[in-house]
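Beneath this line is the structure, given in structure tokens, with notes to follow.
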Amino acid sequence: MYLADARSTKSDRAAAVVPGTRPGRRAAVPGTVLALGAVSLVTDVSSEMVSAVLPLYVVAALGLSPLGFGVLDGINNGVGALVRLLGGHLADRGGRGHKLVAGIGYGLSALCKPLLLLVHTVPLIGAVLAVDRTGKGLRTAPRDAMISLATEPEHRGRAFGVHRAMDTTGALIGPLLAFAVLRFADDRSERTSYGAVFTVSGCVAVLGVLLLVLFVPARAARPGAAAGTPAGPRPTLRDALALLARPALRRLTLAAVLLGLTTVSDSFLYLLLQRELALPAHLFPLLPLGTAAVFLTLAVPLGMVADRIGRRALFLLGHAVLLGGYAVLLSPLRGAGAAVLVLLLHGTFYAATDGVLAAATAATVPDGQQGAGQALVGTGQALARFACSLAFGAAWSLWGGRTALAATAVALTATAVAATLLLRPALPAPAPDAD
């Protein structure tokens, strides 16, 4: 941590000069953002190693039922969203709070990977996953707050795009590394093979924590703020919730919730893609890699586009792209070409919405409450998507996957119109930082 403090001023100053710019002009992507991107990349390698093998591990190696895995998946998706508010509030309580809370979150997740070696029942595995998701929930808002505070407002779309691209690189590497470990341990028992994956994942997660401690500055500061500027009063939990009284943040949160209620989860979308387009079963594990590859390619360019045309506008356009993906699935198109098109649209949707929403949120709250602001919007969106997963699963059971997707597409069209009306006052703003 001391090393990070000593380097923070120099690294940000070094990042301030980029080729083709005048000396003293700050870079669009500061060193703090690159350091956080490296932490996220390494941590996502660890997380995706586990995610890639967990369904097979609990069903094949441990003999748990699909219902048992459904319970675990619910824990995996729901706990982090609920804890995110707490993480954002705690991070805003002090100048070093963002890094401290994020470090606790990354540390909890790193601790959970080897613990999976010791638990073999649904309740115990669920408890470990709950702690892991608690770590993710704690770190997400402080991390995004540090990115916001380290970056000039007019470049936040690009900065979040760079971070999300690095994060997605980890999502690509993780499953491939898990596959390599399983192949290496192929001559051993199933539990031993999966244990090797969890062990390597834990070691990689520890590396991510070390990168955070050594290279991320401890004190987040607004670009251009004078050193030694006294911090304002610590925000209370009431202050955090009072942020929703700010019209811009309230409209953005409502729009994110509405659109989240009609965003089908990745797992359901890939399952529909495989079934509707009659893809071979052995291609199923490659579908998430297709989305991730497109996300990685487009995250930075679309972040720059968001800085130019407005983040809310691109956020809405991203959901129009997702609607296009639904339309392809519902169309008569079949075969590999249709699958590639769906994955292209799905990855573009994430590139146009994930980091872009965080950048838009950053401009609606004061610097001292960046963590709480990011947590409010992120939690609302995550809970809405979780509710969509439950509703879509029930609709699929009652009507079939194709009918459920058609109903969701109609609902997405309606919520997109409502979100456009909510965000309309901000769309004609001349400068992106008016977001």
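Quick note: the coordinates plus some simple rules give every number you see, no bench work behind them. Worth saying up front: this structure is predicted, and the values here are computed from it rather than measured. Neighbour counts are summed over all protein chains in view; Cβ atoms, including those assigned to glycine, are modelled from backbone coordinates with ideal geometry.
How are the C-alpha pair distances of segment 243-435 spread across 5 Å bins, as whole percents from the shortest bin up?
1, 8, 16, 19, 20, 15, 10, 6, 3, 1, 0
Counting Lys +1, Arg +1, Asp -1, Glu -1, what net charge surrounds T169 among other residues with beta carbon under 12 Å of its beta carbon?
Net local charge, T169 excluded: -2.
Could you run the Karplus curve 6.51 cos²θ - 1.76 cosθ + 1.60 with θ = phi - 60° over segment 98-114 and give me ³J(HN,Hα) per residue in whole Hz, x for Gly and Pro?
Ordered by residue, 3J(HN,Hα) equals 4, 5, 4, 5, 4, x, 4, x, 5, x, 4, 5, 5, 5, 6, 4, x Hz.
Karplus couplings for segment 407-424 from phi (6.51 cos²θ - 1.76 cosθ + 1.60, θ = phi - 60°), rounded to Hz, Gly and Pro as x?
Whole-Hz 3J(HN,Hα) from phi for segment 407-424: 5, 5, 5, 4, 5, 5, 4, 5, 5, 5, 5, 5, 5, 4, 5, 5, 9, 3.
Using mean Cβ contacts within 10 Å as the protection proxy, how do 265-278, 343-356, 293-306, 203-216 order, highest first?
Going by the mean number of other Cβ atoms within 10 Å, highest first, we get 343-356, 293-306, 203-216, 265-278.
Give the long-range amide H neighbours of A218: residues separated by 5 or more places, or on another chain, with amide H under 5 Å away, using H modelled in the peptide plane at 1.01 Å from N.
Distant-sequence amide H within range of A218: D5.
Using θ = phi - 60° and the Karplus form 6.51 cos²θ - 1.76 cosθ + 1.60, what ³J(HN,Hα) does each residue of segment 138-145 get, whole Hz, x for Gly and Pro?
Per-residue couplings from phi come out as 5, 8, 5, 5, x, 4, 5, 5 Hz.
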